[in-house]
Amino acid sequence: MDLKLKDKVVIVTGGARGIGAGISELFAAEGATVVVASRSSPEALDFMKQLSTKTKTLFIDGELGPTAAAEKVVNETLKAFGRIDVLVNNAGVNDGASLEAGPEAFRASLQKNIFHVYDLLHFALPALKASKGNIVNISSKVAETGQGGTSGYAASKGAMNALTREWALDLAKYSIRVNTVSPAEVMTPLYEKWLKTLDNPQAMVAKIEKMIPFEHRMTTLHELGAMVVFLASEVSSHTTGQIIYPDGGYTHLDRKCTVE
Ligand code: NAP
């Protein structure tokens, strides 16, 4: 199947680590030009170095959140490649901004998790209208299940799911599609950081895997990335306003039927 992504210009926020890196790899494998907007780190730069051996790339360093950062991402992408075909809003963090943490922590969490999603699309819109491009957001099961202790993240991912429908309607008249991929349990640097805060990380992984109905395992980076690339491609040309759950059934299936 030809996904017709060759030479398409794709922006992946947080695209040099974890789920974002998996997404960048698969777009690169399809011959797309990959622009990663993310915080810099030795690991991220190593990843970009190896990605640049496979396709055209650009790394735009910076903290996403302030409006100026989103404008910079769009301007630098257009300066380098003259077009934008796909925007993947992947950068985000489950930062535990709880009810007790207070209003400032809540606002800071929204800034890290959802403000840049709006800002990026706002600034990229003229380019996306010209290319009839599309947007793929990376949400979380927390938007629907809750988790406890993470109001900012839950609000941000809930907003992302709502905006998927809102923007799909807004942008249908320009033939711009908007979809969301919602992961549940994927082993990434962020996930490993959380596990390290626990007394017995291995026991927690085993407990979680037991509750994932399909094959009692986490979703791989490849499985997540493949769904994103499929949605972003012309093969999905009539799919818009959808929230897709590549999560082994974790979010929606009745776990009492699958946990032994
Ligand atoms: P990750 O391992 O931390 O990778 C995310 C990358 O994005 C990191 O390089 C991070 O930089 C960067 N980043 C995050 N926020 C940023 C910001 N405001 N500005 C600039 N760069 C930023 O995370 P992940 O687990 O792959 O998660 C990716 C997405 O999937 C997130 O939106 C997350 O909420 C969602 N998700 C993940 C899971 C899971 O099981 N892993 C489940 C549900 C949803 P640093 O390296 O400097 O931190």
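The values are calculated or read from the model by the stated rules, or taken from the named source; none is laboratory data. Everything quoted here is computed from the prediction, not taken from an experiment. We place every Cβ from the backbone using ideal geometry, glycine too, and count neighbours over all the protein chains shown. These accessible areas exclude ligands, DNA and RNA; they are computed on the full protein's heavy atoms, side chains included. Shrake-Rupley method; radii C 1.70, N 1.55, O 1.52, S 1.80 Å.
List, in order, the whole-Hz ³J(HN,Hα) value for each residue of the range 109-123 obtained from phi through the Karplus relation with A = 6.51, B = -1.76, C = 1.60 and θ = phi - 60°; use x for Gly and Pro.
Residue by residue, the range 109-123 yields 5, 4, 4, 6, 10, 9, 4, 5, 5, 5, 4, 4, 5, 4, 6 Hz.
Label residue 222 and residue 100 with points 7 Å out from Cα along Cα→Cβ: what is the distance between them in nm?
If labels sit at residue 222 and residue 100, their model points lie 4.3 nm apart.
Using all Cα-Cα distances in the range 18-102, what percent lands in each 5 angstrom bin from 0 up to the longest?
3, 12, 24, 23, 19, 8, 5, 3, 2, 0
Probe radius 1.4 Å, ligands and nucleic acids ignored: give me the carbon and sulfur share of the accessible area of the chain as a rounded percent.
Details: 6970 of 12500 Å².
Within the chain, the accessible surface is 56 percent carbon and sulfur.
With the contact rule set at Cα under 8 Å and sequence spacing of 6 or more, what percent relative contact order holds for the range 1-137?
Working: 225 pairs, mean separation 35.1, N = 137.
Over the range 1-137, the number comes to 26 percent.
If amide hydrogens are placed 1.01 Å from N in the peptide plane, which non-local residues have theirs closer than 5 Å to the one on residue 37?
Residues meeting the amide H criterion: 12, 13, 14, 15, 60.
Could you name the lysines whose alpha carbon sits less than 16 Å from that of residue 210, not counting residues in the same chain fewer than 8 places away?
256
Whole-Hz Karplus ³J(HN,Hα) for the range 233-242, in order, using 6.51 cos²θ - 1.76 cosθ + 1.60 and θ = phi - 60°, x for Gly and Pro?
Listing the rounded values in order: 8, 5, 4, 9, 5, 10, 9, 8, x, 9 Hz.
Suppose all protein chains stay in the model; what accessible area per residue would a 1.4 Å probe give for the range 128-171, in Å²? Intermediate values should be presented prior to the final figure.
Details: 1650 Å² over 44 residues.
That works out to 37 Å² for each residue.
What is the Cα coordinate range of the chain on the first, second and third principal axes, sorted by size from largest, in whole angstrom?
52, 45, 39
Please find the FRET efficiency linking residue 6 to residue 175, where r is the Cβ-Cβ separation and R0 is fixed at 25 Å, and quote it to the nearest 0.05. List each step's numbers first, then the result.
Details: r = 20 Å, r/R0 = 0.80.
Once rounded, the FRET efficiency stands at 0.80.
Per-residue HN-Hα couplings for the range 124-130, Karplus 6.51 cos²θ - 1.76 cosθ + 1.60 at θ = phi - 60°, whole Hz, x for Gly and Pro?
7, 4, x, 5, 6, 5, 5
Could you name the aspartates and glutamates whose alpha carbon sits less than 12 Å from that of residue 157, not counting residues in the same chain fewer than 8 places away?
144
Any lysines with Cα under 18 Å of the residue 56 Cα? List them, leaving off those in the same chain fewer than 8 positions away.
Correct list for residue 56: 4, 6, 8, 79.
What whole-number distance in Å separates the alpha-carbon centres of the range 126-142 and the range 204-260?
Measuring centre to centre over Cα atoms gives 20 Å.
Take residue 166 and residue 194, extend 7 Å from each Cα along the Cα→Cβ direction, and tell me the distance between the two endpoints in nm.
Result for the modelled spin labels: 2.5 nm.
For 104, 30, write out the residues from largest to smallest accessible area, computed with a 1.4 angstrom probe and no ligands counted. Provide the component values of the computation, followed by the final result.
Working: 104 160, 30 65 Å².
Most to least solvent-accessible, the answer reads 104, 30.
Before anything else, pin down the relative contact order of the range 131-260: Cα pairs under 8 Å, at least 6 apart, normalised by residue count, whole percent. Please list the in-between numbers first.
Numbers: 179 pairs, mean separation 42.1, N = 130.
It comes to 32 percent, rounded to a whole number.
Find the Cα radius of gyration of the range 82-188, compare it with 2.2 N^0.38 Å by division, and give the number to two decimals.
Here the answer is 1.12, to two decimals.
Does anyone have the angle between helix 201-210 and the longest principal axis of the chain? Alpha-carbon axes, 0 to 90°, nearest 10?
80
With all protein chains present, calculate the accessible area of residue 222 using a 1.4 Å probe and round the result to the nearest 10 Å².
120
Could you calculate the contour length gain from residue 145 to residue 108, that is, 0.36 nm times the residue separation minus the distance between their Cα atoms, to one decimal place in nm? Before the final figure, lay out each step's value.
Values: separation 37, 0.36 × 37 = 13.32 nm, distance 2.22 nm.
The residue 145-residue 108 span can extend by a further 11.1 nm.
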